[in-house]
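Working notes for the structure below.
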Amino acid sequence: MSRLHYAIRLDAASHHLAEIELRFAVGGQGVRGSIDSATVELTMPAWCPGSYLIRDYARFVRDLEVRGDDGTRRTVTKRDKSTWTVDASHTRELRVRYAVYGHDLTVRTNHIDGDHAFLHGPATFVYPTLLRAAPVEVTVAAPSGWTVTTAMAWQPNDRLTAASIDELYDHPIHVGPVRVHEVAARAPVRLAIWGARAPGGVFDEARLATDLAAIVDDHIARCGAAPFPNYTFLLMLAHDAYGGLEHRNSSVNLYHPHFASSRKHYEGLLELLSHELFHAWNGKRIAPRPLLDFDYTREAYTPCLWLMEGLTSHYDRFALRTSNRITAKSFLEKVLDDWARLKATPGRARQSLEASSFDAWIKLYKPDESNLNTTVSYYLKGGLVMFALDLQIRRRTEGARSLDDVLRLLWQRHGAVGEPHPDQLQPIFEEATGLALGEVFDRQIRGTEDPELAEELRHVGLELRASADPAQIADGASAVWLGATLGGTKVTGVLDDSPAYAAGLAPGDEIIARLVRVPVELGAAPPTRYEIAGVADAGAAAARYQAWMGEPHPGAQVLATITTTARWV
Ligand SMILES: [Zn+2]
């Protein structure tokens, strides 16, 4: 099969442009799989795995021209928004030249400037439609002082190679000055950091590499084996930036430069990196068919993103606890914060986890002010359902099994052997645990009920308390609220069935004096303050707590407190 040769130049990086040249052979010559018709179709993805939104990456392409082996320009016709048709007659090779514009610093778009170039494959490489499975070679002309960071295979003479376009797209390329830390884990792992770190702080990059090693080892031990030959964490530090995108052998992570300034910020970064790494098992390898075998031109629908992101959201922080990077108290605070956010999401009564997964393309990735009332995040609820299910499995099997058993069976039967998992996951959860789990799946995954957090916490000697924030109690007796969020004087969100809703307030209204008077009767507020506390004399529950958290039951004390009043008026 023809080989695809890409050459990247960054001479115009300060104009946010990367110049790409693609060469590949055409014409019969008896080579199986090569393109031998009179025309060749070139294309670019409309979306990328891990981010479920049609992005139409072809919109960043400019100045595309194609020449034959004699140097003459070929006719290029645009067939649809992402596809070009090229005259390929009477030539043995086509040379495609174009530039891509990249001025958006996210984990799934290109960012090219005078400081670096972050190149996300699907936004960078045009390919011949028929050669998606062809082997690929990439060379990068890096400006002086810039180095190439990628998990792609290196060949002599600085050539990068990938077995196919899919593999190329799964290996982002960073070109620029980075600080590289070897992560001393059970597998070859490195951390490459771009961007200045804010001075000071109690943590540093060496500590980060040490903590990452413990997290990598914890994930490997839990799943049974490392799924990758080597792994690269790319961490880009920038103000007002946050995000992560998983790949099979690497991840791209965006975080603010103040990560070392407080324990809260530092743990947030550890959680992000732990999350993206865990996807190397769950999400990139344990995955449903639509996300392993897909069409780049259209949406890949699956009802299972709750497993991909919910299981990962649970284990990203649970692994921080089991690897002893955070305290049990800090772990419970993270869970409680999610619980408070879930309880403040009325849309959870309208949308199941399966429906939230399926509609990610038009809901989670296209949020508007009404989403709060109609949708629930499969990250948020999925993580809490997995947390409560883990406790339930431990309780019902008297500690013999846990969610880890489900993860390992998913890994052995699907992830490790490249076999997509089925849409219906209840049977594999039941097989791994020996438990009937119809209620959890019917009510919390296919249905819209909340996970039974309070009940499961009670069985490990913890009490989940909900109350009103004292600051919200206007008359000294009962908490009242409007049920709206404000941005300055503007209404940014209105909860269905709230006093604000009853009074006819809507997002976009501005609360100012006298133009329109709207009488509003404040109503009784739902709980806005949540606590997790240990109970005195926990008895058998104390032993369950110890087996779960790896330390003695704390006795009667408040472990975590979250107040959500600031989000609502
Ligand atoms: Zn994720």
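The values are calculated or read from the model by the stated rules, or taken from the named source; none is laboratory data. None of these values were measured; they are calculated from a predicted model. FYI the Cβ positions are ideal-geometry reconstructions off the backbone, even for glycines, and counts take in every protein chain you see. The accessibility values were calculated without ligands, DNA or RNA, using every heavy atom of the protein model including side chains. Shrake-Rupley method; radii C 1.70, N 1.55, O 1.52, S 1.80 Å.
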In the range 215-256, which residues have a backbone nitrogen under 14 Å from the label point lying 7 Å from residue 198's Cα in the Cα-to-Cβ direction? 237-242, 255-256
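Averaged over every viewing direction, what's the projected area of the C-alpha convex hull for the chain? Give it in nm², one decimal, please.
Details: hull surface 120.4 nm².
So the mean shadow area of the Cα hull is 30.1 nm².
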Calculated [θ] (222 nm, deg cm²/dmol) that DSSP helices of n ≥ 4 give over the chain, each run adding -39,500 (n - 2.57): -6500 deg cm²/dmol
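Counting Lys and Arg as +1 and Asp and Glu as -1, each charge on the Cβ, what is the dipole of the chain about the Cα centre in debye, to the nearest 20? Don't skip to the end; give the middle numbers.
Details: 60 positive and 70 negative charges, 130 e Å.
In debye, rounded to 20, the chain gives about 620.
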From the residues 71, 241, 258, which one has its Cα farthest along the dipole of the chain in the positive direction, the dipole being from +1 and -1 charges on Cβ of Lys/Arg and Asp/Glu about the Cα centre? 71
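Just the Kirkwood number for the range 424-569, please: inverse of mean 1/r across all distinct Cα pairs, in Å, one decimal. Mind showing how you got there, number by number?
Values: mean 1/r = 0.0530 Å⁻¹.
Computed over Cα pairs of the range 424-569, the Kirkwood hydrodynamic radius comes out at 18.9 Å.
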Hey, any idea what % of the chain's accessible area is carbon plus sulfur with a 1.4 Å probe? 49
Would you check the accessible area of residue 265, probe 1.4 Å, heavy atoms only, in square angstrom rounded to 10? 70
On a C-alpha basis, how far is the centre of the range 346-397 from the centre of the range 190-264 in Å? Whole number, if you could? 26
Might you work out the accessible area of residue 180 for me, using a 1.4 Å probe with all protein chains in place, and round it to the nearest 10 Å²? 80
If you take the charge dipole of the range 404-455 about its Cα centre, with +1 on Lys and Arg Cβ and -1 on Asp and Glu Cβ, which of 444, 418, 407 is farthest toward its positive end? 418
Ignoring ligands, DNA and RNA, what accessible area per residue does the chain give at 1.4 Å, in Å²? 41
Overall form of the range 158-233 per C-alpha gyration tensor (a/c, 1.5; a/b vs b/c): oblate
Place +1 on the Cβ of every Lys and Arg and -1 on the Cβ of every Asp and Glu in the range 7-136, take the dipole about the Cα centre, and give the residue among 83, 58, 10 whose Cα lies farthest towards its positive end. 83
Round to the nearest 10 and give me the degree value, 0 to 90, for the angle of helix 380-396's Cα axis relative to the longest principal axis of the chain. 60
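Taking only C-alpha pairs under 8 Å that are 6+ residues apart, what is the relative contact order of the chain in percent? It would help to have the intermediate numbers written out before the result.
On the way: 1210 pairs, mean separation 56.1, N = 569.
In percent, rounded to a whole number, it is 10.
Given a Förster distance of 35 angstrom, what is the FRET efficiency for residue 463 paired with residue 369, based on the Cβ-Cβ distance and rounded to 0.05?
Values: r = 35 Å, r/R0 = 1.01.
Result of the calculation: an efficiency of 0.50.
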Report the accessible area of residue 81, computed with a 1.4 Å probe over the heavy atoms of all protein chains in place, in Å² rounded to the nearest 10. 110
